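This report concerns only the one structure given below.
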Amino acid sequence: MTPILHVSLALKSDASDIAGMSRELIEHGLPWTWRPERVSRAIAASNVNVAVIREQQGLSAFGIMEYWDEDAHLTLLAVRPVRRRQGVGTAVLRWLEGSAFVAGARRIRVEARRDNVAARSFYNEHGYHELVIRSHMYSGMLDGIQLEKWLRTTSAGDA
């Protein structure tokens, strides 16, 4: 039986662990931009949700989503390698998507490295569509793919 995964909002005390996971799992080979101070600012921001899954071993996954008018932007999503392909990333993504929907977002945008086939497949499996390839998107070094998922076709004011 698969244990129930509990997604919750990050605490300021999670900032160092989230930053470390970002460095190791997302920003490897690039300049480290999501340092603990930046993560702390995201946790405190009123237009950002930082979601985590805590287990006995510590943080298993996290996601950071920003909200802008009618769009949400999934800035970062990471799952520790030992917990991948077990529904952990899906749990965080669904939680953030639900929050975006409740916040009134019409769509969610996200980017992935062009060479990160696993991430691109993950997002495609969850209804995200690849829009465009952006050359040298990551620190002028690596190509990226922009993806989006529509949550609703009309704005709340149109309903």
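The values are calculated or read from the model by the stated rules, or taken from the named source; none is laboratory data. Keep in mind that this is a model prediction, so the values were computed, not measured. Heads up, the Cβs are rebuilt from the backbone with ideal geometry, glycines too, and the neighbour counts pull from every protein chain shown.
Miscellaneous remarks
- Single unsatisfied condition, Arg85 versus (1) closer than 26 Å to Leu147 by Cβ; (2) free of Cβ contacts under 8 Å to residues at least 60 places away in the same chain; (3) surrounded by 14 or more Cβ atoms within 10 Å (Cβ to Cβ); (4) among the charged types (D, E, K, R): (3)
- The one condition from (1) closer than 24 Å to Trp150 by Cα; (2) part of a loop (DSSP other than H, G, I, E, B); (3) under 15 Å from the mean Cα position of the chain (by Cα) that Trp34 does not meet is (1).
- Which numbered condition Leu5 fails, given (1) part of a loop (DSSP other than H, G, I, E, B); (2) surrounded by fewer than 17 Cβ atoms within 10 Å (Cβ to Cβ); (3) touching a helix residue (DSSP H, G or I) at 6+ places or on another chain (Cβ under 7 Å): (2)
- Selection within the range 16-48 - in contact with a Phe, Trp or Tyr (Cβ under 8 Å, 6 or more places away or on another chain) and either of a type in the set (Val, Ile, Thr) or closer than 23 Å to Val102 by Cα (or both): Ile18, Ile26, Asn47, Val48
- Restricting attention to the range 108-143, the residues that are closer than 25 Å to Arg85 by Cβ, at pLDDT 85 or above and either touching an Asp or Glu at 6+ places or on another chain (Cβ under 8 Å) or of a type outside the set (Val, Ile, Thr) (or both) total 18.
- Residues of the range 95-120 that turn out to be surrounded by 15 or more Cβ atoms within 10 Å (Cβ to Cβ) and in a helix (DSSP H, G or I), as a count: 7
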